[in-house]
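Okay, structure first, notes after.
The values are calculated or read from the model by the stated rules, or taken from the named source; none is laboratory data. The model shown is predicted, which means the values in this text are computed figures rather than measured ones. Neighbour counts run over all protein chains shown; Cβ positions are idealised from the backbone, glycine included. Side chains are part of the model used for accessible areas, which takes the heavy atoms of the whole protein and leaves out ligands, DNA and RNA. Shrake-Rupley method; radii C 1.70, N 1.55, O 1.52, S 1.80 Å.
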Amino acid sequence: MGDPHPEHAQLQADRIYLGWQYALLYPDPGPPPKRPAREDVAPPQPVDDGWARRERMQKDLLNRPVRIFRTFMVVVAAGLLALGVTQLLAWSFVLLGLVAAGGVAVICSYAIRQGDRTVNERIRERREKARREQERRQREIVTAQEEHAAKYRDWAEKKSRFDKQLTWYAVAVPDEIDRVDVAGGTLPGWSALITLIGATRLYSGGHLTVLDLSEGAIAKDLIELARRGGDDPLVWVLPVDLPRLDLGATLKPEAFADVLAHVVSVSEETSRDIGFDNAILERVLEVLGENATISQVTAALRALAQVGDPRDDMRFGLLTASQLERIGTLFGRGVADRVVIERAWALESQLRKLETLGTEAVRLPPARLRVVSMDRQAGVFGNRVLGTYVATALTHILRQSPASERPWYHTIIVAGADKLRGDVLDRLMDACETSRTGLVLTYRSLTPTVRERLGRGHAAVAFMRLGNAEDARVASEHVGTEHRLELAQLTETFSSAAHGPSGFYTSTVGAGRTGHEEKGEGDLREGITESTEWGRSVPAVAEGVLQRSREFLVEPHQLQQLPTTSVIVTHATAEGRQVRLADANPAILTFPKTTLGEFEEVRRAALAVNEPDPPRQEEDGPSEPGPPPNLGPPPPRLDWRKRP
């Protein structure tokens with residue numbers, strides 16, 4: 001049936017766990033079978049002595065005239081005998097009278113005896129019938145008790161299997177899936193999902209990079225859990241940590257120009273070709289040489305756009321005289337056309353937000369968990385620029401990296417991916433696919449850009465709560481409204497008690513990163529219980545919650561009312577679209593009836609174990625039934641008016 005203890009199960013490094021599915025392999029057998037009541041199987045009472053007395057009294061009443069007549073004949077015979085002795089009557093007449101009177105008396109005695117025999121036979125038959133009825137009822141009692149004992153043993157076995165069975169099964173994406181698109185959801189739901197995915201990735205030996213564009217510190221629990229597991233995460237909070245971010249510092253000029261061109265395109269509302277901006281930046285970087293910084297690029301763009309005094313940039317060491325001269329003649333007479341000037345000015349105005357990038361970069365120790373987040377106090381547009389830069393630079397790094405030998409060994413999570421342009425997402429998807437890097441994208445809303453890319457390629461789609469009615473309609477059409485899903489009561493109960501991530505990220509790449517932090521023993525179950533808000537909250541919420549569930553159809557209004565941590569996981573298979581409902585709450589792993597195996601795997605294993613053996617022929621024939629089992633007093637009668 002599977003190991004119900006999660007500490008005995010092993011995380012599989014090639015699996016991505018998205019939640020836990022509540023399912024019952026064995027149904028509830030219900031209440032125990034009712035034992036036969038005593039009044040239903042009580043043996044009959046023996047023949048009543050009063051009935052026998054009444055029968056004999058009735059017989060005596062019927063035989064009374066016969067007895068009186070017989071007595072009269074006896075008296076007559078005695079009188080005739082006395083007359084014969086006194087010789088008052090001849091003996092011939094006396095003998096004749098005696099014969100007649102004696103015969104009549106004998107006939108009367110025979111009739112009385114026959115009546116007695118008939119009554120005695122009737123009483124005997126009645127008692128014999130009562131005895132047979134008593135034996136029959138006794139056999140019925142034994143049979144009823146044996147049947148009840150068999151039913152009770154069968155019920156006890158089913159009840160034991162029901163009580164000991166697993167109730168939460170892991171929901172993992174198949175091996176051929178290389179991306180997960182999460183549509184909808186709230187910050188608490190994202191926090192639960194990212195904590196679960198990240199924890200299982202790290203504890204199975206993988207590496208994880210989180211790009212948090214949600215501005216909600218949704219990876220805070222994951223960071224604490226990683227610390228307890230023995231890791232030392234790296235956390236960049238932008239734009240404060242921008243000087244210490246060295247992402248993209250090793251890119252070649254061509255790739256660096258492409259990254260900067262995409263960063264500038266964030267502000268463009270139209271789908272304008274960025275090739276012109278890319279050409280300008282490539283030529284500027286060619287003049288500046290390799291390892292050029294953003295501040296040098298912006299200085300060159302100011303010189304190209306004829307903005308400000310270039311001597312100030314020369315004084316700060318951003319440009320040299322030869323570089324300034326080459327920039328002035330870079331585009332020849334086209335500079336006067338105002339086209340290059342306008343684009344250079346636009347590029348400079350956007351890239352100046354990145355001028356401090358890498359200016360204070362320090363060598364940091366390697367870490368298996370890296371988090372890059374946007375400060376919620378920064379501007380919305382500035383965060384979009386920073387997010388685009390990180391995503392594009394990460395894309396180029398992946399393109400230059402060799403393909404991993406193990407899929408999902410390195411996993412990237414982008415929270416709030418709908419804030420990135422569609423072409424930026426496409427390039428990131430392609431880079432992750434070629435490098436065999438796992439990718440998880442979360443979208444707050446289903447914009448047209450997101451709809452075009454949702455589930456494209458070898459991707460699984462996970463739908464969480466969708467507040468917008470149109471988004472819910474699109475999601476229900478994608479999943480299919482004919483699917484019926486089972487929702488656990490615990491998921492609904494915890495959804496009302498869940499709260500959003502509190503606090504903010506604390507940077508770990510600053511100058512104060514020198515102290516040694518205390519680390520735990522690295523047990524995932526204990527880490528979730530002690531290090532995450534989910535592990536601390538779920539036991540109190542789950543106390544007293546019955547393990548019940550309800551079914552619902554995938555309809556728009558149901559998707560708008562999904563619990564916080566509910567995830568509808570769907571992906572296409574050869575047999576059709578597979579749809580499962582999961583709970584992304586990582587604390588479910590700590591439950592005693594949770595397994596890391598999937599429901600279908602455990603079900604197939606249980607069916608293989610529980611296959612009935614072929615019946616064996618008894619050598620000695622059927623055995624005699626033993627005495628009825630002692631089951632104690634019968635249970636009290638149930639009263640439907642009393643609520644349990």
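Things worth noting here:
- Annotation for residue 114 and residue 486: the two label points, set 7 Å from Cα along the Cα-Cβ direction, are 8.0 nm apart.
- Across the protein chains, with a 1.4 Å probe defining accessible surface, the residues 286, 140 rank 286, 140 from largest area downward.
- 1.4 Å probe accessible area per residue over segment 365-404, in Å²: 43 Å²
- The protection proxy used here, the mean number of other Cβ atoms lying within 10 Å of each residue, ranks peptides 68-74, 112-118, 565-571 as follows, highest first: 565-571, 68-74, 112-118.
- Using a Förster distance of 41 Å, the FRET efficiency for residue 526-residue 577 (Cβ separation, nearest 0.05): 0.60
- Surface analysis of segment 79-148 yields an accessible area of 70 Å² per residue, using protein heavy atoms and a 1.4 Å probe.
- Compared with the alpha-carbon gap, the fully stretched path from residue 176 to residue 68 is longer by 27.6 nm at 0.36 nm per residue.
- Loop sites in segment 196-296: trypsin sites (Lys or Arg not before Pro), DSSP, at most 11 other Cβ within 10 Å: 272
- Rounded FRET efficiency, nearest 0.05, which uses the C-beta distance separating residue 140 from residue 161 and R0 of 45 Å: 0.90
- In this structure, residue 306 and residue 547 have a Cβ-Cβ separation that, at R0 = 60 Å, corresponds to a calculated FRET efficiency of about 0.25.
- Computed label-point distance, nm, for sites residue 126 and residue 557 using a 7 Å Cα→Cβ extension: 7.3 nm
- With a simple spin-label model that places each label point 7 Å from the Cα along the Cα-to-Cβ direction, the separation between residue 75 and residue 49 comes to 3.5 nm.
- Of 419/593; 220/593; 151/593, pairs whose Cα-Cα distance is over 29 Å: 419/593
- Apportionment of accessible area to carbon and sulfur, segment 131-286, percent (1.4 Å): 49 percent
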